[in-house]
Amino acid sequence: MCFKSNNRIETNHFQLDLQAGHLRIKWKESRGSAVSNVTAITDERATKLESLTVTGIPSSEDVRFRPGIDYIRDLGVATVLKYEIYSKDLIVLETESSLMEGPSDLTLIYTLSSGNSIDSHAANTYIRGTMNNLKTIQICHGQESQTPEFWMEDGIFRGKAQLRLLAFQGFKMENLTAHTLEDLKGLKILNFINTTVEDQSFLSSETLRRNLEIFIMNTEQVKVELRYFENYSMLKFVNVVNYEPHENLTAFVCDSETWKYDCKFSRGPDGRRCPGKCQCYYEQRSSEFKIDCRNRNLTEIPPLPTAMEGKPVLLFSNNNLRALPSNGMEIPGYNQLQTLDVAANKITSLGVHQLPQRLQHLSLSYNNITALDKKVVEYLAKHIAVRHFGNSWFSDCEDKVLQEYSYLIGNFRGKKDAEILHFLQSRAERNRFSENPWSCFWEIRFLISFLGKREGMKYIAPLDYTDFRGPCPEACSCLLTSYPTEFIVDCSGEGLSAIPPLPTPKDRPTTLLFQNNKLRALPNDTWPGYGNVGRLFLANNRLTALHHLPHNLTYLDIRNNRISAIRRKTLEFLARRKESSDLRLFLSGNPWACTCEEKDFLGFVKGGGSRIGDATNITCGDTPGNLLIDTEESDICPSGLVHYVTLTVSFMLMVLTINLIIYFKQPLLIWCYEHDVCLSLAARRELDERKKFDAFLSFTHKDEELIGEFVERLENGGQKFRLCFYLRDWLVGESIPECISQSVKDSRRIIILMTNNFLKSTWGRLEFRLALHATSQDRCKRLIVVLYPEVENFDDLDSELRAYMVLSTYLKRDDPNFWSKLIYSMPHTRQGEP
């Protein structure tokens with residue numbers, strides 16, 4: 001029997017279904033023959049399949065349970081991005097499998113075991129047949145209640161010199177020797193997850209000593225003897241729970257099962273150990289190697305060790321250090337420092353030659369430094385983040401260094417600081433300020449600005465508060481300038497959605513800097529201080545209309561907002577201001593409507609001349625790239641021809657409306673669901689209506705601050721979803737992989753918060769993989785990936801997960817309709833159903 005249609009081939013032996021590059025082979029016979037009779041689906045050599053899934057095989061011992069390369073050859077294709085083959089006892093996943101090289105990544109998952117035994121030979125045989133392009137191999141046992149024995153056969157890794165990751169999960173390893181791993185010349189990570197290896201002699205492998213970088217064995221059942229790692233030249237981390245210490249390790253020893261704590265340090269590759277009065281450790285949260293010598297009454301910096309991994313940090317605050325080393329080369333390890341904290345010492349001066357060559361962060365707070373020479377100021381300003389607060393700075397008005405340095409510093413911002421005011425007043429005579437302590441301020445304000453920016457703090461110019469009314473807004477900075485005479489309120493980049501009440505100066509206009517915020521509308525004329533604004537900077541906000549402009553406006557910047565039209569009353573006001581003052585306008589970056597209704601705005605721009613500073617960059621929103629200044633009135637206001645084509649246009653609009661309804665089907669369904677309209681259309685039948693949770697929220701511990709908005713929107717919103725996440729729902733002491741697996745099983749959806757921290761998290765990738773497999777097995781869309789803007793690529797993911805991100809859709813966190821799309825993706829049913 002043979003049946004063939006457009007997307008299906010069916011015989012007595014098998015059934016082939018092909019949909020959009022996804023091919024599924026289902027075997028019908030209970031036993032297979034040694035001769036393959038799968039039909040080729042193409043005669044083109046370069047054909048690529050998105051996925052290939054093979055099912056219907058009762059056992060991994062069946063001859064049809066073969067690596068993807070065999071099926072690729074029989075089908076006549078060149079590449080399969082994702083290959084899966086299922087039997088009752090073993091599931092195999094391959095990624096990026098090609099006819100010429102085989103797969104790049106391989107995962108074998110045992111699903112059944114008889115007592116304490118499994119068919120290890122099936123996995124060994126499969127690995128041998130996968131050619132030699134493998135980068136990762138993971139062998140897992142899916143039942144955590146059992147720990148079966150697993151045997152590795154001799155020569156199993158012959159030719160697998162490109163393998164970088166080898167992981168075992170849920171086994172009792174037997175017959176693992178140094179000879180077993182000798183062929184793995186490129187192995188970097190060896191991971192035993194909930195796996196015991198009684199005989200640890202395999203760690204004497206010369207191949208491992210030369211190449212291994214990370215070793216993991218997170219089980220309490222076996223005590224790991226760290227002496228085996230003494231001569232490992234590339235080893236960076238040993239992550240173990242139960243171990244026998246060894247003092248000659250150059251690798252960090254991390255004894256936490258969750259990798260949240262600091263890792264122990266014994267000695268560096270140069271042989272140097274931690275200084276006697278200090279503590280040395282690797283901080284996993286910041287990826288820093290910290291040498292902590294704080295509060296030790298030390299008078300000089302001792303020789304410093306180096307480490308295999310981590311940015312070197314020296315914490316040397318609260319000591320008696322009087323000067324940094326005059327020659328960093330004389331102190332081992334000093335020039336490698338990237339962070340140096342020497343706050344609260346007795347340092348009186350600082351030279352460029354005293355700074356470590358690789359320095360990125362420096363803290364000099366609360367020393368006795370009174371001045372910095374020009375070279376130091378320029379070097380710090382360009383290269384290093386510095387904390388200076390608490391020093392007794394001295395400068396005079398004739399200091400050429402400060403005058404030249406003023407050109408290197410941007411606009412001054414800040415808040416009033418009592419110590420700055422006290423410093424200026426108490427040193428007025430020394431600084432030749434005579435009777436007016438502020439006469440010289442404009443020369444030293446640049447140094448104060450520099451200190452404030454590097455401190456992460458804000459300073460304000462010393463103002464005479466009899467010259468203006470009202471306090472400076474909490475989130476803003478206020479500055480009084482002399483050349484030109486101007487009162488500046490700087491609220492730029494503070495994430496504000498409304499203009500706060502403004503102080504009003506006595507005899508000068510206000511300049512309001514409000515760029516890079518979230519402003520949607522302007523206040524009315526009665527808003528405190530707003531009517532005194534003369535120069536208004538509003539670029540990069542969310543304005544959709546332009547109402548209530550200050551009556552004495554001389555400068556307006558509304559670039560990169562969402563304004564499509566300006567009402568006639570506002571245009572008339574701007575025209576009057578343009579004639580009576582030196583009004584300057586910047587209008588580009590908005591979706592301006594080039595229609596006949598807005599022809600007055602077209603005339604305003606064309607007649608604006610030099611008063612509109614970016615007239616040549618203003619474009620029509622409906623036709624990107626079409627300059628408004630090149631548009632003629634006849635282009636947007638057509639003649640009577642319109643009356644002759646009304647019927648045609650009406651018919652086209654009707655057709656277009658039907659197409660839009662089809663095209664925007666999903667947004668319409670989302671709107672219906674949000675507004676409780678036609679729920680019978682918007683609802684979906686859920687396959688797992690009795691699951692405990694609506695969604696499992698997966699994220700790394702470094703992103704804990706992100707979950708608050710999800711709990712507020714999903715659990716406390718109108719739909720009242722039930723969320724599961726580890727901070728609240730996991731039991732203390734339970735196995736993390738078991739908690740992850742159970743949370744995935746108990747939830748209708750899995751929401752992945754995909755950040756850079758998540759991409760680098762071992763547990764995050766495991767949660768991603770389990771969620772991906774659950775979605776594949778359930779044949780429904782359970783996985784929801786939320787992509788944050790900081791993620792630029794998926795290079796940190798292994799190839800299977802990377803392929804999913806490249807080939808699948810996901811929700812972008814910065815999407816304006818993010819919450820609507822997320823809520824619609826959550827489980828929901830028709831009205832009246834549970």
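The values are calculated or read from the model by the stated rules, or taken from the named source; none is laboratory data. Not measured: the values here are computed from a predicted model. Here the Cβ is made from the backbone with ideal geometry for all residues, glycine too, and neighbour counts use every protein chain on show. The protein model used for the area step is the full one, side chains on, heavy atoms only, and it has no ligands, DNA or RNA in it. Shrake-Rupley method; radii C 1.70, N 1.55, O 1.52, S 1.80 Å.
With a probe of 1.4 Å, find how much accessible area the stretch 219-279 has per residue, and write the answer as a whole number in Å².
Each residue of the stretch 219-279 exposes 51 Å² on average to a 1.4 Å probe.
For the stretch 604-617, in order, what is each residue's ³J(HN,Hα) by Karplus, 6.51 cos²θ - 1.76 cosθ + 1.60 with θ = phi - 60°, in whole Hz (x at glycine and Pro)?
4, 5, 5, x, x, x, 6, 5, 9, x, 10, 4, 7, 10
Rank E84, E149, E44 by accessible area, highest first, at a 1.4 Å probe radius?
I get E44, E149, E84, largest accessible area first.
Would you kindly derive the ³J(HN,Hα) couplings of the stretch 299-306 from the backbone phi angles with the Karplus curve 6.51 cos²θ - 1.76 cosθ + 1.60 (θ = phi - 60°), listing them in order in whole Hz, with x for Gly and Pro?
10, 8, 7, x, x, 10, x, 10
For R128, project a label point 7 Å along Cα to C-beta. Then give me every residue of the stretch 170-195 with its amide nitrogen under 18 Å of that point.
175-177, 179-184
Any idea how far apart E144 and A575 come out in nm if each label point goes 7 Å out from Cα toward Cβ?
Those two pseudo-labels are separated by 7.4 nm.
Can you list the residues, at least 5 places off or on another chain, whose amide H is less than 5 Å from the amide H of Y555, using H built in the peptide plane?
Residues meeting the amide H criterion: L536, R584.
Take D70, D703 and sort them by solvent-accessible surface of the protein heavy atoms, 1.4 Å probe, largest at the top.
D70, D703
Any idea what log10 I(q)/I(0) is at q = 0.12, 0.19, 0.25, 0.26 Å⁻¹ for the stretch 146-225, Debye with uniform C-alpha scatterers and no solvent?
-0.30, -0.80, -1.39, -1.48
Rounded to the nearest percent, how much of the accessible area of the stretch 80-215 (1.4 Å probe, protein heavy atoms only) is carbon and sulfur?
The value for the stretch 80-215 is 51 percent carbon and sulfur by accessible area.
Over the Cα atoms of the stretch 62-132, compute the convex hull volume and normalise it per residue, giving Å³.
In the stretch 62-132, the Cα hull volume divided by residue count equals 80 Å³.
Report the gain in length on full extension from S59 to N327: 0.36 nm times residue separation, minus Cα-Cα distance, nm rounded to one decimal.
89.4 nm
Under unit Cβ charges (Lys, Arg +1; Asp, Glu -1), what dipole magnitude, rounded to 20 debye, does the stretch 10-72 have relative to its Cα centre?
Charge dipole of the stretch 10-72: 80 debye, to the nearest 20.
Hey, could you get me the Stokes-Einstein D for the stretch 555-632, Kirkwood radius over alpha-carbon pairs, 10 °C and 1.306 mPa s, rounded to whole µm² s⁻¹?
Using the Kirkwood radius from Cα pairs, D works out to 127 µm²/s.
Would you please give the residues with an amide H less than 5 Å from that of Y243, counting only those at least 5 places away or on a separate chain, with H modeled from the backbone geometry?
V224
Do the alpha carbons of any pairs in K185/K223; K188/K236; K185/K236; K223/K264; K569/K599; K311/K760 sit beyond 19 Å of each other, and which pairs?
Violating the 19 Å Cα-Cα cut-off are K185/K223.
If I model a spin label at N295 and T348 as a point 7 Å from the Cα along the Cα→Cβ vector, what separation in nanometres do I get?
2.8
Search the structure for amide H atoms under 5 Å from the amide H of I612, placed 1.01 Å from N in the peptide plane, and list their residues when 5 or more places away or on another chain.
Placed amide hydrogens put L585 under 5 Å from I612.
When Rg is the radius of gyration of the Cα atoms in the stretch 165-291 and Rh is its Kirkwood radius, what does Rg/Rh come to?
Radius of gyration over Kirkwood radius for the stretch 165-291 works out to 0.96.
Taking a point 7 angstrom from the Cα of N626 along the C-beta vector, which residues in the stretch 553-595 have backbone N less than 17 Å away?
The answer is 564-565, 589-595.
Enumerate the calculated ³J(HN,Hα) couplings along the stretch 23-32 in order (Karplus 6.51 cos²θ - 1.76 cosθ + 1.60, θ = phi - 60°), each rounded to whole Hz, writing x wherever the residue is Gly or Pro.
9, 10, 10, 10, 7, 9, 7, 6, 10, x
What do you reckon, how do W151, W730 stack up by accessible area (1.4 Å probe), largest on top?
From most exposed to least exposed: W151, W730.
Using 7 Å Cα-to-Cβ label points, what is the Q360/C596 separation (nm, one decimal)?
Roughly 6.1 nm, to one decimal.
Just how many pairs of Lys in the stretch 1-150 have C-alpha atoms closer than 17 Å, counting pairs that are eight or more places apart or on different chains?
7
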